[in-house]
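Peer 1: Below: one structure in structure tokens.
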Amino acid sequence: VNNNPHNPVIGTRSFGEDPHAVAKLGTAFMRGLQAAGLLAIGKHFPGHGDTDVDSHLALPTIAHARERLNEVELVPFRAAIDAGIDAVMSAHITFPAVDPTPGLPSTLSPRVLTGLLRGELGFGGLIVTDALEMSGITSQFSIPDAAVKAVLAGADIVLVAQSKYNEDGKRAVERL
């Protein structure tokens, strides 16, 4: 839900500002992908629209109360889960209303991935991390440490996307 005009990264990567319109358009797109035999991934859980920081460069925080998260950020994810989405990608953002641990990105949070996504929302598909080489992670954690924390938090697939991090990716696999 792209609801912050100062967001430097989401923009046209979202279906809009209204959570219900995003849910409707997102689930339609998801159904089309899955009907064509493709894996649909909802991202960036539990939301990335109301930030003014790019998680590629730093660790953003969405500091809204839980009620607001239920009314805005989580609406499209609930709809996608109810419609049978295959996978969800985590966000490298802190959500103090869900996990108050200072500086802990949701990608590494058992409260977010296992508690909220799996438990409360009932998601049974794949949980994929966003790229672990982003500064929202590496500003505080090594890639191998983050990979272990992500799996322990509930992630099924750990993403290390850039080839310049191959050695970190190999160390992450060894640690897992």
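The values are calculated or read from the model by the stated rules, or taken from the named source; none is laboratory data. Everything numeric here is computed off the predicted structure, so don't read it as measured data. Ideal geometry is used to build each Cβ from the backbone, glycine not excepted, and the neighbour counts take in all protein chains shown. All accessible areas refer to the heavy atoms of the entire protein, side chains included, with ligands and DNA or RNA removed. Shrake-Rupley method; radii C 1.70, N 1.55, O 1.52, S 1.80 Å.
Peer 1: Before I look further, what does the chain give for accessible area per residue, probe 1.4 Å, in whole square angstrom? Mind dumping the intermediate values first?
Peer 2: Values: 8350 Å² over 176 residues.
Computed with neighbouring chains in place, this is 47 Å² per residue.
Peer 1: Moving on to the next point. Need the full-extension length gain, Ala83 to Gln140, defined as separation in residues times 0.36 nm minus the C-alpha distance. One decimal, nm. Let's see the in-between values first.
Peer 2: Numbers: separation 57, 0.36 × 57 = 20.52 nm, distance 3.56 nm.
The Ala83-Gln140 span can extend by a further 17.0 nm.
Peer 1: Let me ask something else about it. With +1 on each Lys and Arg Cβ and -1 on each Asp and Glu Cβ, and nothing else charged, work out how big the dipole of the chain is about its Cα centre, in Debye to the nearest 20.
Peer 2: Values: 14 positive and 19 negative charges, 61 e Å.
Magnitude of the dipole: close to 300 debye.
Peer 1: For the chain, what is the relative contact order in percent, using Cα pairs closer than 8 Å and at least 6 residues apart in sequence?
Peer 2: Numbers: 325 pairs, mean separation 34.8, N = 176.
20 percent.
Peer 1: Another question, then. Compute the relative contact order of segment 80-132 as a whole-number percentage, counting only Cα pairs closer than 8 Å that sit 6 or more residues apart in sequence. Show your work: numbers first, answer last.
Peer 2: Working: 61 pairs, mean separation 23.4, N = 53.
That works out to 44 percent.
Peer 1: Here's a follow-up. Using a 1.4 Å probe, how large is the accessible area of Arg175, given in Å² and rounded to the nearest 10?
Peer 2: 120
Peer 1: Rank these by accessible area, largest first, 1.4 Å probe: Asp99, Asp86. Display every interim value, and only then the final one.
Peer 2: On the way: Asp99 10, Asp86 50 Å².
In descending accessible area the options line up as Asp86, Asp99.
Peer 1: How much accessible surface does Lys43 have with a 1.4 Å probe, in Å² rounded to 10?
Peer 2: Ignoring ligands and nucleic acids, Lys43 comes out at about 110 Å².
Peer 1: If the chain between Lys170 and Leu126 were fully stretched, how many nm would it gain, using 0.36 nm times the residue separation less the Cα-Cα distance? If you can, show how the numbers build up before the last one.
Peer 2: Details: separation 44, 0.36 × 44 = 15.84 nm, distance 2.17 nm.
Length gained between Lys170 and Leu126: 13.7 nm.
Peer 1: Pick out, from Leu38, Leu116, Val75, the residue whose Cα sits farthest towards the positive end of the charge dipole of the chain, with +1 on the Cβ of Lys and Arg and -1 on the Cβ of Asp and Glu.
Peer 2: Leu38
Peer 1: Express the carbon and sulfur contribution to the solvent-accessible surface of the chain as a percent, rounded to the nearest whole number, probe 1.4 angstrom. Before the final figure, lay out the partial values.
Peer 2: On the way: 4550 of 8350 Å².
Here carbon and sulfur together make up 54 percent of the probe-accessible area.
Peer 1: What residues qualify as long-range amide H neighbours of Thr94, i.e. H under 5 Å apart, gap of 5 or more or another chain, H built at 1.01 Å from N?
Peer 2: Counting only residues 5 or more places away or on other chains, the set is Thr61, Ile62, Ser106.
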